[in-house]
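Remarks on the structure that follows.
The values are calculated or read from the model by the stated rules, or taken from the named source; none is laboratory data. It should be emphasised that the depicted structure is a prediction, and the values quoted were computed from it without experimental measurement. Backbone-built Cβ (ideal geometry, glycine too); neighbour counts: all protein chains shown. Accessible surface is based on the protein model in full, side chains and every heavy atom, while ligands, DNA and RNA are left aside. Shrake-Rupley method; radii C 1.70, N 1.55, O 1.52, S 1.80 Å.
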Amino acid sequence: RITDLLKEKYNVDILIPKSFMIATQKDDFVWLRREAERFSQGIMFWEYPYTDTIAFNYDRLIEIRDSITKKYIPGPSEGSYMKIAMIEPPEDKRLSFNGHFAVEMRGLWELEGDFMGGPFVSYTLVDEARNRVVTVDGFVYNPSQEKKDLLRQIEALLYTLNFPGDEDATTMK
């Protein structure tokens, strides 16, 4: 099961429906996807050591997400890859996510070198017990169709993220 893999390899608990599959798995990154006839949903998880609060700087969050997606989320055309669409820069806000300091980022993604895009939402938080920064990011692709409900489904899954040993693990505080 994907949830067992995430707990064992990345030390996170998160509810993932059986309809998702592992698209890419690396030491510090995993991409899960759900493919349906007319849409797709993706959840990405990555981590890196926490050194200081620069990890939560707006430009730094964009830079990291774009470098991760360039490396691991290819498009269908040769050389194409996912990136944040800066025509409408993403919004960010600080919040408490299951008891951890976090930055929520919402915006649009697009493919560099191709014609695809859609909405995304991400949460970047500190796992103090393991001295790391963790990002869980969800995105939707549903061409020419409503995306709001699909993104809400992803958000509901992202909200279940917690670290083993955390109390009150499945509710956002």
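Within segment 107-143, what residues put their amide N at less than 16 Å from the label point 7 Å along the Cα-to-Cβ vector of residue 78?
Label zone hits: 113-114.
Heavy atoms only, probe 1.4 Å: what % of the accessible area of segment 1-74 goes to carbon and sulfur, would you let me know?
48 percent
So, counting K/R as plus one and D/E as minus one, what does the shell of residues with Cβ under 12 Å around residue 153 add up to?
Within the 12 Å Cβ shell, the charges total +2.
Between residue 166 and residue 3, how many nm apart are label points set 7 Å from Cα along the C-beta direction?
Placing both labels 7 Å along Cα→Cβ, they lie 1.5 nm apart.
Would you mind calculating the gained length between residue 130 and residue 35 on full extension (0.36 nm times residue separation, minus the Cα-Cα distance), in nm to one decimal?
That pair, residue 130 and residue 35, stretches by 30.9 nm at full extension.
Any chance you could run the full-extension gain for residue 153 through residue 88? It's 0.36 nm times the residue separation minus the Cα-Cα distance, nm to one decimal. Intermediate values should be presented prior to the final figure.
Working: separation 65, 0.36 × 65 = 23.40 nm, distance 2.29 nm.
In short, 21.1 nm is gained.
For segment 90-173, give the percent of accessible area contributed by carbon and sulfur heavy atoms, probe 1.4 Å, rounded to a whole number. Before the final figure, lay out each step's value.
On the way: 1910 of 3840 Å².
C and S fraction of accessible area: 50 percent.
Sort 71, 147, 18 by heavy-atom solvent-accessible area, probe 1.4 angstrom, most to least.
Result of the area sort, largest leading: 18, 71, 147.
What net charge is computed for the residues neighbouring residue 24, neighbours being all others with C-beta under 11 Å from the C-beta of residue 24, Lys and Arg scored +1, Asp and Glu -1?
Numbers: positive: 26, 33, 71; negative: none.
My count for the surroundings of residue 24 gives +3.
Send over a whole-number figure in Å² for the accessible area per residue of segment 75-154, probe 1.4 Å.
Per residue, segment 75-154 has 48 Å² of solvent-accessible surface.
Per residue, how much accessible surface does segment 1-72 expose to a 1.4 Å probe? Answer in Å², no decimals.
Heavy-atom accessible area per residue stands at 58 Å².
Just one of (1) 26, 22, 14; (2) 24, 18, 16; (3) 30, 22, 12 is semi-axes √(5λ) of the Cα gyration tensor in Å as worked out from the coordinates here. Which one is it?
(2)
From the square roots a ≥ b ≥ c of the eigenvalues of the alpha-carbon gyration tensor of segment 1-78, which class results: rounded (a/c under 1.5), prolate (a/b over b/c), or oblate? Numbers along the way, then the final one.
Working: a/c = 2.19, a/b = 1.26, b/c = 1.74.
Oblate is the answer for segment 1-78, as a/c is 1.5 or above yet b/c matches or exceeds a/b.
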